[in-house]
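Everything on this sheet refers to the single structure shown next.
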């Protein structure tokens, strides 16, 4: 079982869209896939039309008193399940601090026979939850809006992960919400891959079609299978699939 | 279809998918081993996919197929995967072949909640087999985490009175139909029959078994077709020997001659089958040699089997066999249809008389067995025990069931030990013959001959052990309790 996190300390950069669309493509590709919506706002949960509630909440889940399997929900798509968001996830930092033995990684170990890939959709913060996510992940997908500040944040993340002892996840950054009409976007898109390693050649466009996910409540490849956005997500999935092996 | 789901429509929105046509072939071994063990195996094909599905009480396994399978198939010929793992042990050495072929029209219907989220999938199936009435089934698959919705839908549909929970799955229905057909065809002895009619009825049953196994033997579907054919021949010969005087003399004389010819024609192939089936197990007994050392032996056995099978197939396809089967059936059917000869006694009288005689013969030979007596005595006891067993099984319908079952069980135990004694002796001797033939053909390596020698020594050791077990077991069979049971079971 491989764990993929969609992470950026900044909000509104396309983390949830990435997690939802790639999890869908992973399942469509034949991999048994789970998406865990760790963001208490529950956007990914909403997109799959699932109620944002986990019985017992974060405390019981993180302490292991309620098995993780009990909270799993089947989505409308074969081989794709979701562990929904819950408003109590806002306290997950505290729950993780209280739980001395369990981490998100050890909680997921129990699902190793059931899933090939687990996607973690994370809240935008640098907290104990996000540190747990980064330590558990095999690959961290980092959506970057092509701006100078966003690049700076990516550098901070790279340095933070480099400071880990032992396991280091593979960081796979890609440009998100790109708008080629903007000169700054064009220049960052050209320059950054030359200056940094681990930057994907794939760019997810800023498209209204992607924004429509919240109205249609479906992954983009379901309602626009031949769109530029879907092609970009497919390309990103191919890269990720190679990284996962 | 959706109208039928109306009772649940106020809580859920149902949406039907495209119609799908598929062929579903239910498979089993000829002796229905899978069904007896609560398993079902089916091959499903439609325009998109071909799959093999094994159902058991504790779950379902599916293996997708890259190409159309060929039936019949032995366990090792099934595509590798969870299905083969599930049904393989139950199949044993038997091949699976189509039992029922059905055409299925199906639709998937999704049930959505107030958020338009799918909470369950209903599978609507309409199946027919060979022009039989259409069977409709709706199954309900809850999505993970939505069991309560699925239960509610099931309850709403059940409460409407339009749906009933079926007692059996489609697989069970079709396979049960097939099993009923088989039972109806089987002739059986009944109480009050005249002796000649009873004997002819039993022989007709054995003839059915012979004919039922001819095609499978000729096509070499699996080794047990030949085995079952041989058992039916042996049973027929025993019945003729022990009760043949109830039938016209000329008929019995010809039957005995032809059955002996048929038995002799089948022996070489069966002996080789036994070796080949046991080869892997035999290899585990080697302490010095390895399985690879027996490769030349296996190749030789296959070669001899090919030669032996040619003769066997020629015999089974001969005019002689065909004519005898026809005339044998005709003569036996005439006796049964006539209601029997007025001079003939009842089946009960025949059973009483012949079982007692056969039992006494077994006792006499068993009493002569000592740990060091010649092997021929054991061989003779084995033959008489086999005859008694066949006789007991033939007369089972007119015997008292409980003591009959106990006597057969006891006899079976003795037969198993007798088999072990004699098989060890025969196999040890035939290994020597095989080794000589392999040397003649220059097809044996030194390692193979050494491994065969090791096996031969092993057989001799097992035979000695079986002789001791036999001496210990016989008093139990000869005891007064068994004698009482034999008396109690007879009509």
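Between the stretch B:194-227 and the stretch A:116-189, the alpha-carbon centres lie 75 Å apart. Spread over its residues, the convex hull of the C-alpha atoms of the stretch B:238-310 is 95 Å³ per residue. Descending by average beta-carbon neighbour count within 10 Å, the peptides B:211-220, B:347-356 line up as B:347-356, B:211-220, the highest first. Would you work out the relative contact order for the stretch A:1-127, in percent, from Cα pairs under 8 angstrom that are 6 or more residues apart? About 44 percent, as a whole number.
Peptides B:251-264, A:138-151, B:310-323, ordered by how many other C-beta atoms sit within 10 Å of their residues on average, highest first, read A:138-151, B:251-264, B:310-323. The angle between the Cα long axis of helix B:170-185 and the longest principal axis of the Cα atoms of chain B comes to about 30 degrees, rounded to the nearest 10. Each principal axis of chain B carries a Cα extent, and these read 86, 68, 49 Å when sorted largest first.
Using the Cα coordinates of the stretch A:81-169, the gyration tensor eigenvalues translate into equivalent-ellipsoid semi-axes of 23, 16, 15 Å, sorted from longest to shortest. Summary of the geometry: the stretch B:347-399 and the stretch A:222-245, compared by the centres of their Cα atoms, lie 77 Å apart. Cα centroids of the stretch B:123-181 and the stretch A:10-37: 36 Å apart. Working from Cα pairs under 8 Å separated by at least six residues, relative contact order for the stretch B:186-345 is 35 percent. Just to confirm the number: angle between the C-alpha axis of helix B:147-159 and the first principal axis of chain B, 0 to 90 degrees, nearest 10? Compared with the principal axis, the helix lies near 90 degrees. Of all DSSP bridge pairs formed entirely within the stretch A:2-244, close to 5 percent run antiparallel. Inter-chain neighbour count for A:38-44: the average number of beta-carbon atoms from partner chains within 10 Å of each residue's beta-carbon is 0. Counting Cβ atoms of other protein chains within 10 Å of each residue's Cβ and taking the mean over peptide B:144-156 gives 2. Computed on the Cα trace of the stretch A:2-244, the radius of gyration divided by the Kirkwood hydrodynamic radius gives Rg/Rh = 0.95.
Shape analysis of the stretch B:346-491 yields a ratio of the Cα radius of gyration to the Kirkwood radius, Rg/Rh, of 1.13. Annotation: average projected area of the stretch B:153-296 is 17.4 square nanometres, based on the convex hull of Cα atoms across all directions. Once C-alpha pairs closer than 8 Å and six or more residues apart are averaged by separation and normalised to the residue number of chain B, the relative contact order reads 12 percent. Sorting the segments B:111-118, A:17-24 by their residues' average number of neighbouring beta-carbon atoms within 10 angstrom, most packed first, yields A:17-24, B:111-118. Computed over the stretch B:57-124, the alpha-carbon pair-distance distribution with 10 angstrom bins reads 16, 33, 27, 17, 7, 0, each value a whole percent.
Antiparallel beta bridges, as assigned by DSSP with both residues in the protein assembly as shown, represent about 65 percent of the total such bridges. Two numbers describe the Cα atoms of the protein assembly as shown: Rg and Dmax, which are 36.6, 116 Å. Helix B:446-478 versus the longest principal axis of chain B: what angle, 0 to 90°, nearest 10, using Cα atoms? Taking Cα atoms only, the helix is inclined about 80 degrees.
Measuring r between the beta carbons of residue B:487 and residue B:114 and using R0 = 51 Å, the FRET efficiency lands at 0.10.
Just so you know, all these numbers are worked out from the coordinates, no wet-lab data involved. Computed from a predicted structure; not experimentally measured. All Cβ positions, even for glycine, are placed from backbone atoms using ideal geometry, and neighbour counts span all protein chains on display.
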